[in-house]
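Take a look at the structure set out below.
The values are calculated or read from the model by the stated rules, or taken from the named source; none is laboratory data. Being a predicted model, the structure only gives us computed values, none of them experimental. In this analysis, Cβ positions are derived from the backbone assuming ideal geometry, glycine residues included, and neighbour counts consider all displayed protein chains.
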Amino acid sequence: MSVAIDYELCCWVDGKCKSVSGCCCSGQESAVECEGCVTVCPTGAISRDKCVGIDDSLCDDCGICIESCPHGALS
């Protein structure tokens, strides 16, 4: 089983955070630091460019990213 991303729920779109509240980057001057799921991943499987991506070859399905996402975008 691999972690899936629901891009409708994910706050990171087109290289920036689309959420204004309740997000891992709310209250920040810029969303450059919005990396909640990226920073908690112990294997470095999650990346963020224009959108969030998961490298299935690195993901060990630990679920930490799923628990850390305030939007429920990861399952």
(message) Tell me whether the stretch 50-58 contains one or more residues that are assigned to a loop (DSSP other than H, G, I, E, B), among the aliphatic types (A, V, I, L, M), over 22 Å from residue 8 (Cβ atoms) and at pLDDT 90 or above.
(response) yes
(message) So the check is Cβ under 6 Å with 6+ separation or different chains; which pairs have a first residue in the stretch 36-60 that's within 16 Å of residue 6 (Cα to Cα) and a second one that's at pLDDT below 90 and in a loop (DSSP other than H, G, I, E, B)?
(response) 36/24; 37/69; 50/14; 50/15; 52/10; 56/2
(message) I need the full set of residues from the stretch 1-45 which are of a type in the set (A, V, I, L, M), at pLDDT below 85 and not in a loop (DSSP other than H, G, I, E, B), in order please.
(response) 13, 31, 32
(message) Can you pull out every residue in the stretch 59-75 that is buried (at least 17 other Cβ atoms within 10 Å of the Cβ) and farther than 18 Å from residue 11 by Cβ?
(response) 59
